[in-house]
């Protein structure tokens with residue numbers, strides 16, 4: 001469906017992300033025609049989205065960039081969205097009991113906001129997330145060690161899986177590289193997916209914290225079906241039409 005020239009830059013960039021998610025490519029001239037704007041305007045949009053790490057510009061347009069990246073690179077990508085998600089998800093973090101956190105930068109943003117708790121045990125396979133919680137009073141932090149996934153800076157492998165299986169969690173807070181209503185969540189590597197499935201098996205419910213750029217996308221390794229998600233937390237309002245296909249499947253926050 002063509003978009004009118006009155007669409008503001010935020011709406012236009014959201015639509016550009018949908019195009020690259022569905023077609024893996026954006027053609028500069030075609031996009032300018034669809035939106036009724038100049039190619040220079042689209043070029044600026046693509047430059048902004050590339051700066052956020054959401055696509056890669058090429059001659060004549062842009063292509064998708066889903067793939068493994070170090071924690072330090074991922075941390076600054078769509079930072080405002082991560083902060084909004086963290087503020088919303090914080091209401092789901094209990095003051096006591098036990099929870100698990102994955103190695104995503106979105107969940108690390110949430111962990112940094114825990115503040116004072118009254119006896120909460122937290123397990124994570126991310127050293128960065130572990131460090132973010134060290135100053136949280138009343139939080140007992142357990143670092144799940146194992147082999148280092150150098151590309152994503154997380155601990156994975158059989159030792160990490162065995163350690164994660166030794167605990168029980170009220171909730172598992174996780175993100176994903178991508179989520180699709182038919183195929184569920186997916187990750188950049190098989191070992192990342194295995195680790196998240198392990199945490200999920202040992203938890204009563206899954207809270208998925210994911211920014212809207214990852215909706216209706218697929219990454220390399222299949223992880224969890226959509227029906228596994230108890231609560232889906234995005235930076236969007238729950239009434240946003242971009243969440244319509246998820247609305248009857250999961251609770252939206």
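Table for the structure above
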read-out: Options (i) 23.9, 70; (ii) 17.0, 51; (iii) 18.7, 57 - which one matches Rg and Dmax of the Cα atoms in Å as calculated here; value: (iii)
read-out: Tail weight of P(r) past 12 Å, computed on alpha-carbon pairs of segment 9-63, percent; value: 58
read-out: In nm, spacing of pseudo-spin labels at residue 240 and residue 205 (7 Å Cα→C-beta vector); value: 2.2
read-out: Neighbour-count order for 209, 223, fewest beta carbons within 10 angstrom listed first; value: 223, 209
read-out: Segment residue 248-residue 147, length gained on full extension (0.36 nm per residue, minus Cα span); value: 32.5 nm
read-out: For the chain, share of DSSP beta bridges that run antiparallel, in % to the nearest 5; value: 35
read-out: Rg in Å to one decimal, and Dmax rounded to a whole Å, for segment 204-245 via C-alpha atoms; value: 10.9, 30
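Computed from the coordinates by the stated procedures, all read-outs in this text should not be read as laboratory data. Keep in mind that what you see is a predicted model, and the values were worked out from it rather than measured. For neighbour counting, all protein chains shown are included, and Cβ atoms are generated from backbone atoms with ideal geometry for every residue, glycine included.
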